[in-house]
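Notes follow the structure.
The values are calculated or read from the model by the stated rules, or taken from the named source; none is laboratory data. Fair warning: this is a prediction, and the values are worked out from it, not measured in the lab. Positions of Cβ are generated from backbone atoms using ideal geometry, with glycine treated the same way; all protein chains shown enter the neighbour counts.
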Amino acid sequence: MRAFGELFAILFVGLFVGGVLAWLSIQKNHGFGTLTIGQWTAWPQAGSINADPYSKAKVAADGDVPLGAAEGIAFHSITDQRGNALRRNCQYRLSGMTPPARLWTLAAHDLNDRALFRSDGRPSNLVSRELLRESNGQFEIFAGPELASKNWLEVSGDGDGGGGIGVVSDDGSSGGDQGSRRGRDELFKLILRLYDSPVTSAGREADATMPTVTLIACKS
Amino acid sequence: MKRSFYVLSVAFVLAGIVHILIVLLIPNYAARDAWAKLEQVAAPWSFSIVALPGQSNEILPLVDPAFGIAACRFDLSQAPLWVSAEGQLAFWSIAIFDRQGRNIYSFNDRTAIERQLSLIVVDPVQMAQLRKNPPASVDKAVLVETNTAEGFVLIRALQENQSWAAPVLQFLTSARCERFLNDAAARQPAG
């Protein structure tokens, strides 16, 4: 009887812990094959033939089509400079430089990877060539609900699950479990995608610099 | 005490094995990977527009909202693949993925020949046939040899702002995903 109990314990712990570890490893921004610059994380090898098993699993589970080496690279950030999660009711300032690239885009996505939409139904995104810049090439982007001068990435502040076209159907019906859902819905991530960049095509990952994300203020 | 330690260590070794097995098997069994999603919306050997710039997109949510995306599934065991599209945009790129969603090859408008999208994908046998009798249309195409039979190609077209909406749509609708049948290949089965 005791042996049976032990066997059961082994199987339970083994399958459960193994399964949870596998699930976690493709959910989180794990450290395998990542390129981290400040708050920004990229998976340069994701989706390539040489990718590590974790990246391959993550790409397959997400159903993602990662950018190829000649296309570009995507940097994700879910926190500000101090390591606090990005919230939709807060205003942030992005400043500095990006790595060399022919062009880049900045977009806000929810934590389920869907693009966020502005109040006018357009996606929350900016394209580098449309930016206003300082004379030295530096730029300042304000991301958040408050209208800002210069470059404004409008991120809907009401935390209603994207607040836009297309995502309403998914969130409008969610009744129960409001607390945890809302908490997750109010968070967002920034994705800065570099296109045709030597960071990937020439493997010059080390000398890349990314803009800093600083919290300005939050609406309560 | 010693026995429970033993039981626990066996359990954790099993956990490690289960973990590794799951991670390694996910790419083969993921039900919602890119191929499975494209299979639902698109017939093989023709481009379908998966995402339009500025619109919400439930199929491939993680792609850039500034881009229009067209995808086409192919099977090299049937014929070589020829991809082409007409137009000049600020930026486009194309990537070839295998059945498991791994990126085999990619290039963008600057690395293309004369900035035109023309791509031929062949397997090694088709490559040998093509070398024997190269048709003129191969000259201006990017020629990619791969061992993978099934896969898909994905075109990304940038819409910098609203004024590029029409060119981007035109570019994506002009994209052709065809079986490449040159004379040499067509003669091959008969002779």
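Within this structure, A:Phe32 fails the test of being modelled with pLDDT of 85 or more, more than 14 Å from the chain's Cα centre (by Cα) and farther than 19 Å from B:Leu154 by Cα. Is there a residue being within 13 Å of chain A (Cβ to nearest Cβ), closer than 25 Å to B:Leu62 by Cα, modelled with pLDDT under 90 and out of contact with any helix residue (DSSP H, G or I) (no Cβ under 7 Å at 6 or more places or on another chain) anywhere in the range B:115-124? No - not one qualifying residue is present in the range B:115-124. Take A:Val20 and tell me if it is surrounded by 15 or more Cβ atoms within 10 Å (Cβ to Cβ) and aliphatic (A, V, I, L, M). The answer is no for A:Val20.
Condition first: surrounded by fewer than 20 Cβ atoms within 10 Å (Cβ to Cβ), at pLDDT 90 or above and either out of contact with any Ser or Thr (no Cβ under 6 Å at 6 or more places or on another chain) or outside the structural domain of B:Val23 (by TED's automatic domain parsing) (or both). Can you find one or more residues in the range B:58-74 that meet it? Within the range B:58-74, not a single residue is surrounded by fewer than 20 Cβ atoms within 10 Å (Cβ to Cβ), at pLDDT 90 or above and either out of contact with any Ser or Thr (no Cβ under 6 Å at 6 or more places or on another chain) or outside the structural domain of B:Val23 (by TED's automatic domain parsing) (or both). Within the range A:33-53, if we keep just the residues that are under 21 Å from A:Tyr92 (Cα atoms) and touching a residue at least 60 places away in the same chain (Cβ under 8 Å), the residue that is surrounded by the most Cβ atoms within 10 Å (Cβ to Cβ) turns out to be A:Trp40.
B:Tyr29 falls short on exactly one of the conditions (1) in contact with a Cys (Cβ under 6 Å, 6 or more places away or on another chain); (2) modelled with pLDDT under 90, and that condition is (1).
Could you list, in sequence order, the residues of the range B:91-106 that are part of a strand (DSSP E or B) and surrounded by fewer than 23 Cβ atoms within 10 Å (Cβ to Cβ)?
Listed by number, the residues that qualify are B:Asp98, B:Ile104, B:Tyr105.
Give the residues of the range B:77-133 that are of a type in the set (D, E, K, R) and farther than 19 Å from A:Arg102 by Cβ, sorted by residue number.
Selection gives B:Glu86, B:Asp98, B:Arg99, B:Arg102, B:Asp123, B:Arg131, B:Lys132.
Taken together, A:Ala217, A:Ala148, A:Ala206, A:Ala202 contain a single residue that is closer than 28 Å to B:Leu52 by Cβ and either hydrophobic (A, V, I, L, M, F, W, C) or at pLDDT below 85 (or both), which is A:Ala148. Residue by residue through the range B:40-90, note down the ones that are within 11 Å of chain A (Cβ to nearest Cβ), assigned to a loop (DSSP other than H, G, I, E, B) and not aliphatic (A, V, I, L, M). B:Pro53, B:Gly54, B:Gln55, B:Ser56, B:Asn57, B:Glu58, B:Pro61, B:Asp64, B:Pro65, listed by residue number. Would you be able to say whether some residue in the range B:136-150 is in a loop (DSSP other than H, G, I, E, B), in contact (Cβ under 8 Å) with a residue 60 or more places away in the chain and surrounded by 22 or more Cβ atoms within 10 Å (Cβ to Cβ)? No, because not a single residue in the range B:136-150 is in a loop (DSSP other than H, G, I, E, B), in contact (Cβ under 8 Å) with a residue 60 or more places away in the chain and surrounded by 22 or more Cβ atoms within 10 Å (Cβ to Cβ). Taken over the range B:33-60, residues that are in contact with a Gly (Cβ under 6 Å, 6 or more places away or on another chain) and under 27 Å from B:Gln162 (Cα atoms) amount to 3. Of all positions in the range B:14-35, at least one carries a residue that is more than 30 Å from A:Ser119 (Cβ to Cβ), part of a loop (DSSP other than H, G, I, E, B) and touching a residue at least 60 places away in the same chain (Cβ under 8 Å).
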